[in-house]
Structures are given as C-alpha cells and as structure tokens.
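Here is the structure we will look at, set down as structure tokens.
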Amino acid sequence: MELYPLKVFLTVVSEKSFSRAAEKLLRTQPAISLAIAKLESDLGEKLIDRSGKDLIVTDAGQIVLEHARRFENLESEMENALAELRDHSAGRLIVGANESTTLYMLPSIEQYRRLYPKVKVQVRRCLSSRIPGQLIDGDLELGVISYDPEDSRLQSMVIYQDHLAFVVSPMHRFASLDDVPITELGMETFIAHNVLSPYRSIVIREFQRASH
C-alpha cells in the first residue's frame, strides 16, 4: 500500500471536506477523490460515508484513521532522525578493537560522547588481524589496531604511540642494564601471546632480521 492515499485520507477527515483537502495538498478535487477511492479499493472497505450533507467516517475508516495518524507521526520522527544524522548529532558508531587497544580509546570515547551525546557508541571485541577486513566489508565504521594495515582502501592515522617492554626477574642478568641488543635476546626463552597477529609477526620478523 502507498502512504500517499493515507495522507490524503487523513487530510480529508481533518478538513472535513474534499475541496479544502485539495487546497491544502495543492491537488485538484478529482485527484483527491481518486486517491480516496483507490485506498478504499485496496483495503476493500468503505472509509467515508458521503451520502449525507456532512462527511461521516465509517467504523473501518476510524481504524484506518488511527493508523494513518501513527504513520504521520512515524514519518515526522524519521525526518527528524535523518536530520540529526546528517549533522552528526545522532546515529551509531561501531568501533572494533582488541583488549589492549580498547584501554587507549576510553578518553577519546568519553570526549566524543560529550560532543555527540545522541550517538550510540558500540565497541566490539575483535582480533586485530580481522579488523581491516571488517572495515572493508562495512561491519565496522572505525577500527583501532597497533599496525599499519597497508591497504589503499582504508585511511589510517596515528592516534597513540606504544612500545614493547621486555620484563625480567630482578635476578636476571639483564635486570641492571638500560639497553640490551636484540642479538642478546636471541638466547632467551620468552613467555608471549601465542595468538597469531601482525604485532607478533613484527617481533618475529625483527628477530629473524637480527639473526642474519
């Protein structure tokens, strides 16, 4: 069913006249009559009794009138929501991040929420290696990762700088040193995250480069 005939019906009932409804909607009276006839035909119900001097809304017409008013309210709400979305004051922002990068985002999210209180911010826990693909597929609007995706389809910028720390026991031979060459670390046993990730690959690649 088209919504326009419902709008015509609502206007006719509100104005209590086909001619006044035509003036308000900037249409001819025959066009208004045709829209009402089409609506009645589509619904299979008589909506307006025109046998007397005044227009009388039938029982079926009262039901349609109630729902037509609801459609009008929904249309107004939709237009307002779209207007807010266009000026970035409402909507939804879906951010992908893993556990470590999420911590760095908290101050930025807090500031964003102050600027755009109507925008719903949703943070999804994602594997860093999958975030670029999810951005390209449209599953995310923003991703926070610890490496350059090196994909021309994505735009990236540095928002924080981080570093890797080598943690040892106070009794370890490296504990008193300020700097340790990577070649010296090659003989050590590491406890590290075993999940495949670009960050882990960078570390392994640096060790492999130092071993040559």
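The values are calculated or read from the model by the stated rules, or taken from the named source; none is laboratory data. Owing to the predicted nature of the structure, the values given are computational and were not obtained by experimental measurement. Positions of Cβ are backbone-derived with ideal geometry, glycine not excepted, and every protein chain shown enters the neighbour counts.
Does segment 59-81 include one or more residues that are surrounded by 12 or more Cβ atoms within 10 Å (Cβ to Cβ), at pLDDT below 85 and more than 30 Å from Lys38 (Cα to Cα)?
Yes, the conditions are met somewhere in segment 59-81.
Within the group Arg124, Arg113, which residue is within 30 Å of Asn194 (Cβ to Cβ), surrounded by 13 or more Cβ atoms within 10 Å (Cβ to Cβ) and among the charged types (D, E, K, R)?
Checking each option against the conditions leaves just Arg124.
Evaluate segment 133-144: report whether one residue or more is in the same structural domain as Val121 (by TED's automatic domain parsing), out of contact with any strand residue (DSSP E or B) (no Cβ under 7 Å at 6 or more places or on another chain), on the phi > 0 side of the Ramachandran plot and not hydroxyl-bearing (Ser, Thr, Tyr).
yes
For a quick check of your reading of the model, give me the residue pairs whose first member lies in segment 48-60 and is small (Gly, Ala, Ser), whose second is surrounded by 10 or more Cβ atoms within 10 Å (Cβ to Cβ) and assigned to a loop (DSSP other than H, G, I, E, B), with beta-carbon atoms closer than 7 Å and at least 6 apart or on different chains.
Note: pairs meeting the criteria are Ala60/Glu45; Ala60/Lys46; Ala60/Leu47.
Can you tell me which condition Glu184 does not meet? The list is (1) modelled with pLDDT under 90; (2) exposed (fewer than 12 other Cβ atoms within 10 Å of the Cβ); (3) more than 44 Å from the chain's Cα centre (by Cα), and all the others hold.
The single condition Glu184 does not satisfy is (2).
Of the residues that make up segment 121-129, is at least one within 17 Å of the chain's Cα centre (by Cα) and within 30 Å of Glu2 (Cα to Cα)?
No.
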